[in-house]
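A short reminder: the numbers here are calculations on the coordinates, not readings from a lab. Worth saying up front: this structure is predicted, and the values here are computed from it rather than measured. Cβ: placed from backbone, ideal geometry, glycine included. Neighbour counts: every protein chain shown.
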Amino acid sequence: MGLSNLFLYLLLFDTILLLLVSAKNETSRTPSKHPTVINVGLILDFNSSDGFVADSCISIALSDFYTENLHYATRLALVPKNSNDVLSAASAALELVNADQVEAIIGPQYYSQAKFVAEIGGKSQVPIISFSVTSSSFRLTRTPYFIQTTLPDSSQLKCVTSLVQQFGWSEIVVLYQNDAEGEPGNNFIPSLTDAFQQASIQLSYVISVSSSDSVSNIKKELKQLRGIQTRVFLVHVTSPDLASRIFSLANEVGMMSKGTAWIITDALSNSLSSLNAPTIELMEGVIGVRPYVPKSENLENFRIRWNKFLLLQQQPALTENISDVNLFCLRAYDTVWALATAVEKIQFPGINRSQEKSNASRDPITNMTISEAGPGLVKEILKTRFLGLSGEFKMRHGQLETPVLEIINIVGNGGNGDRTVGYWTPERGFSRKIASADEGDHGVVYSNQVDGVLKPIIWPGESTKKPKGWDVPGMGLKLRVGVPKKTGFTEFVDVQDIGNTKTYNVTGFSIDVFIAALDSLPFKIVPEFIPFVNDSGGSNGTYNDLVDKLSYEALVGDITIRAEREGTADFSLPYSESGVVKVVRAEPDRLKNMWIFLKPLSWDLWLTVVLSAISIGLVLHVLERRLNPQRQLGMLVLFPLAALAFPERNIVGNSWARFVLVVWLFMAYILMQSYTANLSSILTVGQLRPSTDTPSCAGYQEGSFVKEILTNWLKLSPANCYSYSSMEAYDRALSLGCKHGGVDAIYDEIPYIKLFLHKYGSKYKMAGATYSTGGFGFAFPTGSPLSKPISEAILNVMEKGTIQDIEKNYFGPGYTSQYAGEDLSRDSPSLTTYSFAGLFTITAFLTLLALICSECSFAISSYRSRNSINPAEDVPPKNEQDSEGVDEILEQEESHEQEVELTNANNDHGGG
């Protein structure tokens, strides 16, 4: 019975609760009897497709909002004004403020109109709410009554910049729309430039296009892009028709082939549904960014109703390119909901309108009515938060707060033709999927990198390999390469005539290095070597002339990178050693050969060895003083040296003295071996010295810039500077010397000198300082796109060891290891005391230890002898010192006497 009553009570409670909830719902659905009508202005270009879409979405939004909120005490009443230019927009805004007394204005549609309407809103305190203007130039502090319910450009620029950085592109080309009614370049480009400068991305080319531009003009601009190196293009256009023309012509001129990258901003990626299927096919491989619109049941229902709405329209000119709802429509829809929500919170019945008086003029501009509800309405709009069709509606500083951005890839399969490859958030970076409301961040990985995070991207040309971002345009199949003609040092560049056909065979070390660099490039270039010769087949000038008259696409040879040449050409990284050195005749240093035996050890080491020998002798004297007191101190000092020459067994008698002598012999053995090795090294290298340090006359290679070093740096007279064209001429001049018609020194760059010493190294040597230069490099015309990839290729060739193999092929195996920047006769080859500091320390420690142990042992033995008593005889101890040391002395003396007697007996026997 108790359970039955409990069940009845619960059933009654549920019934009452259900009735209360139903009554509340009926109350909320009951329309207000006398709602307050709030006039709201609407400034749009109703003759454009975007204006038609916005107007339709706003009408649907009003219907949906008040169907959901029948009990609201306010109703928005739209006052539409058509505007297609700045003047009509300003006029419409003034009329709405003064005549229609609107409390807010939605629009205008374009940035150029928004600047003037925002000023009118600021003077009249009427909020201007724009869902289409994305300029970042509007700030809440400067235009407090202008509210942007859309994302500013700055939000997507951060995402685009991160993408460009992560893909490894350092340069980019920008194409932007610069229409009178669209987003002007003087607003978008500065923001883009600032963002790229902070990321160290260079704007290599900027092209402005307009909807009114002809096909030929756009095609001409695109053809110019084929002549530059950059292959990354950013497109910022708002007109779907203009976008169709740009991508159609880009395909036609070959600018959307493999190796290129195209990025579109949200101005176009939000309107992909307005593009026809053929245009989507042409845009295959393009990536874009746009705000992420989360899927919801309300969005799906709206999309179904929107498509039905389009079918009922009788304006095919405006609806023919509209296939699906876009973000432009969703922003307009959410804007109406935000405004209607904020209006409901304002007590409009008690608000009056005031008129600003002016005695100077009666124009509408200076005689506008002031809205007292404006400040409160702005605050309520900025505080409004809800989940709209486009996502979370949340304002910050007068602009919609940046939500998650979606990264798309156009795959060109008809329809919308785009697929999502990842997402980006300002705080966390890139991710492959987005966190859902149910799961949160579980399983979502965020990273600042794109590799391994974004889904695979299909690039233009149906390529899955990321474009490198640059290419070498306009080179064709042949690369015209100029090479110098020279008579000497042809190992570097050798130009040989083939008969009388005026054709040449070009070989040499520099040529092979250049070909190896071309082979390592990711693209194919075939060089055509053209010698720099005159009509008679000789050289057509110096290397400076070759660089100054640069009429080739590249210069290859033993061309030195110099500062004055950098002004007329771009150089690659050097592929050889750099610097100018001096080579002189080498002569034996007979003066020092007489004392060569002292050279292995320095004077301080010699002194240390002598002092060590004396110290060891003194220690031995202390240890032997009890066994051989008759030995003189001087004789014991000579013990260490005598032990080296006469290693007799019984030279010392004390055990600790023998230990010290062994330590000394070990140290002496190491010193002798080191002395021998160093002396051998000095004798092997040979003591050669330069014939002179300040040559009175010097030689250089014919046509080389080294002459400037001799005359400007060394202050030699031009009459004392002689030019030579071959290694044989170098040898003859140095052999003769300055007094006999030759020179005392040759100055040239290190690669030439190495080659010369490789052939005549036994007679000559390098001496003096090295004069720095840039080394050998390849020259290109200023601004050539080849300089950077060739430099990278040279690094690859160096790291792989290919250059060393080419050196061995042309110069022989000894060339690579023979770098004569190292002087043949070192100034200080002697070993120093510091080299054996550890050895001397160990020897001193062991010697001192032996001395301490010997003295301690003797002290202990003496103490025991004095205190030992014979208990059997009960007699006092003897006066003599009965110690172990005395016994040892007696045994030693007896042994010594026997040896003397034996020696005398042998002498007597021999004498007889």
Output ³J(HN,Hα) for the range 388-402: one whole-Hz value per residue in order, computed from phi by the Karplus curve 6.51 cos²θ - 1.76 cosθ + 1.60 with θ = phi - 60°, and x for Gly and Pro.
x, 5, 8, x, 6, 9, 8, 8, 8, 6, x, 10, 5, 5, 5
Gained length - Ser615 relative to Gln804, 0.36 nm times residue gap less alpha-carbon distance:
62.5 nm
For Lys485, give me every one of the lysines with a C-alpha distance below 24 angstrom, ignoring sequence neighbours fewer than eight places off in its own chain.
Lys502, Lys549, Lys707, Lys754, Lys759, Lys808
Hey, can you grab everything whose amide H is under 5 Å from the amide H of Lys485? Only 5+ residues off in sequence or another chain; H modelled, so Pro and N-termini drop out.
Phe532, Asn540
Ranked highest first by average number of other Cβ atoms within 10 Å, how do 570-579, 189-198, 164-173 line up?
570-579, 164-173, 189-198
Label points 7 Å out from Cα along the Cβ direction at Leu607 and Lys478: separation in nm?
7.7 nm
Would you mind checking which residues have amide H under 5 Å from Ile264's amide H? H placed 1.01 Å from N; only 5 or more apart, or other chain.
Val235, Ile287, Gly288, Val289
When ranked by the protection proxy of mean other Cβ atoms within 10 Å per residue, highest first, what sequence do the peptides 666-679, 417-430, 280-293, 742-755 form?
742-755, 280-293, 417-430, 666-679
R0 = 30 Å: FRET efficiency of Lys549 with Lys502, Cβ-based, nearest 0.05?
0.95
Amide H within-cut-off set for Tyr722, under 5 Å, with H built and near neighbours excluded:
Ala698, Gly699, Tyr700
Can you run phi through the Karplus equation (6.51, -1.76, 1.60; θ = phi - 60°) for the range 756-771 and list ³J(HN,Hα) in whole Hz, with x for Gly and Pro?
5, 5, 4, 9, 10, x, 6, 10, 9, 8, 7, 8, x, 7, 9, 8
Fewest first, what order do Lys345, Lys485, Lys478 take by the number of other Cβ atoms within 10 Å?
Lys478, Lys345, Lys485
In order over the range 737-746: 3J(HN,Hα) from phi, Karplus 6.51/-1.76/1.60, θ = phi - 60°, whole Hz, x for each Gly or Pro, gives x, 5, 6, 10, x, x, 9, 8, 8, 10
With 10 angstrom as the radius, rank Tyr724, Tyr810 by how many other C-beta atoms surround their C-beta, starting from the fewest.
Tyr810, Tyr724
If the label point sits 7 Å along Cα→Cβ of Ser170, residues of the range 185-222 with amide N under 15 Å come out as 197, 199-204
Along the Cα→Cβ direction, 7 angstrom out, place labels at Asp100 and Leu312. What is the inter-label distance in nm?
2.4 nm
Modelled label reach - Phe845, point 7 Å along Cα→Cβ, the range 605-621 residues with backbone N closer than 19 Å
612, 616
Cα→Cβ-extended label distance, 7 Å offset, between Ser216 and Glu728, nm
6.7 nm
FRET efficiency, 1/(1 + (r/R0)^6) with R0 45 Å, evaluated for Asn448 and Ser296 via beta carbons:
0.90
Based on the mean of other beta carbon atoms within 10 Å per residue, what is the order of 295-301, 461-467, most packed first?
461-467, 295-301
Among Val53, Val40, rank each residue by its count of other Cβ atoms within 10 Å, from fewest to most, as a rough exposure measure.
Val53, Val40
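Output the Kirkwood hydrodynamic radius of the range 480-575, Cα pairs only, in Å rounded to one decimal.
Every distinct Cα pair counted, the radius reaches 14.0 Å.
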